[in-house]
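Take a look at the structure set out below.
Bear in mind that the values in this text are calculations on the coordinates, not laboratory data. If you're wondering where the values come from, they're calculated on a predicted model, not measured in any experiment. Using ideal geometry, Cβ is built from the backbone for each residue, glycine included, and neighbour counts are taken over all protein chains shown.
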C-alpha cells in the first residue's frame, strides 16, 4: 500500500509549475509515467509542484490509443519553470506538428529547464533546442535523430541525458527515470527514493537501453554496413579496427565511417564494444567463470578492459552485474 504520510522536510515556497506539452496522437504512457511521479511527490509528500497538461491549441487532444485528454493553451507553458515535451508514434515525422514545435521554441529561451520523453526529442530538435547538445531518445529512433540533426550528439544507449538543463529521455518508461532525477534535483535523493518506492520502480535503473534493444537493434539500411556488423560479430576475438571493418564492407575508411554513423547512430568502435559487452554479459550473469576468461572470449583481452566497457555501456561493472543477477535468482 502507498503511504500517504507527507514529507515534512519539503519547504513551502512558490509553486514549481511543470507543463507537459502534448500533440495529437501522443503516447499515453509517455505522459502518464512522469505525471504520476510528480503528482505523487505533490500529493503524498508535499512537494511544491503545480502540474498542467498543455497543447498548442488547448482543449481536448486525443492520444495514440484514442483516449482524449483535456489540455490548457500555450500560455500555461509560458508560466512554467519546467516544460516536458511528450512523444508519440508520429513525433519523428518531419513537420508532423509545427504548432507544437513553435510552442516549445517560444518558451524555451526563458525556461529554467526543458525536457522530452521518448520521441518528444524530435520536437525539441525541430525547435533548435538540442543544437550542440547531447541528447537521447528511444533506441529505435536514435539513428534517425542523429542523421536528421547532425548538430546533436545523440547518445543512443542512455536512459536519460541532461545537458545544461535540457533533459531528454529514452523510450516510454524512461520518462519515469528522468522524472525521478528531476525530483532529486529539486528536492534531494530521499524524496526521489520515496517516489520510486511508491511507484515500485528503480530509483536509479541499472544499465542502458541496450539491455532492452538487443544492441539497439543495429540493423542498417545498406548491405555493406550489415556485412561489416556480421563480420564483427563473427570475429570478436580479433583486432576489429575501422580499417578492417571498412575492408569487410568494401568501402574506403572515410566513407565507411561516415555511412556507419549515419545508419547506426554509432561509431564503429562503439558498436564493436557493444557487441562484445552483449556477448560477455550473459556469461557474466549466468556463470561463475573467471572474468579474465570471459574477457578473452569476448575480445576484450583482459578483465580490466572489459570492466571499463561494461561501465560505459551498462553503467555497471561485471562484478556488480553478477551480484545483482545472483540476488534476483535468490
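Please report how far the C-alpha centroid of segment 45-94 lies from that of segment 112-177, rounded to the nearest whole angstrom. For segment 45-94 versus segment 112-177, the Cα centre distance is 17 Å. Apply the a/c threshold of 1.5 to the C-alpha gyration tensor of the chain and tell me whether it is rounded, prolate or oblate. Oblate shape, in that a/c is at least 1.5 and b/c is the bigger or equal ratio.
Take every Cα pair under 8 Å whose residues are at least 6 apart in sequence, average their separation, divide by the length of the chain, and the relative contact order is 12 percent.
Between residue 293 and residue 253, the FRET efficiency from the beta-carbon distance, with R0 = 35 Å, is close to 0.60.
Look at the alpha carbon pairs under 8 Å that are at least 6 residues apart: their mean separation over the length of segment 211-329 gives a relative contact order of 21 percent.
Where does each of 112-124, 58-70 land if you order them by average Cβ count within 10 Å, highest first?
Numbers: 112-124: 27.2, 58-70: 13.2.
Per-residue Cβ counts within 10 Å, averaged per peptide and sorted highest first, yield 112-124, 58-70.
Between 0 and 90 degrees, the angle of helix 28-45 with respect to the longest Cα principal axis of the chain falls at about 60 degrees.
First measure r as the distance between the Cβ atoms of residue 70 and residue 50, then evaluate 1/(1 + (r/R0)^6) with R0 = 22 Å and state the FRET efficiency to the nearest 0.05. If you can, show how the numbers build up before the last one.
Working: r = 17 Å, r/R0 = 0.75.
FRET efficiency, residue 70 to residue 50: 0.85.
With a cut-off of 17 Å on the backbone N, the residues of segment 295-324 near the modelled label site 7 Å out from residue 286 along Cα-Cβ are 295, 297-298, 321-324.
Tell me, in nm to one decimal, what length is gained between residue 140 and residue 98 on full extension, where the rule is 0.36 nm per residue of separation less the Cα-Cα distance? Mind showing how you got there, number by number?
Numbers: separation 42, 0.36 × 42 = 15.12 nm, distance 2.27 nm.
Value of the extension gain: 12.9 nm.
Normalised by the residues of segment 16-205, what does the relative contact order come to in percent, with Cα pairs under 8 Å and at least six apart? Before the final figure, lay out the partial values.
Values: 415 pairs, mean separation 38.3, N = 190.
Reported as a whole number, the value is 20 percent.
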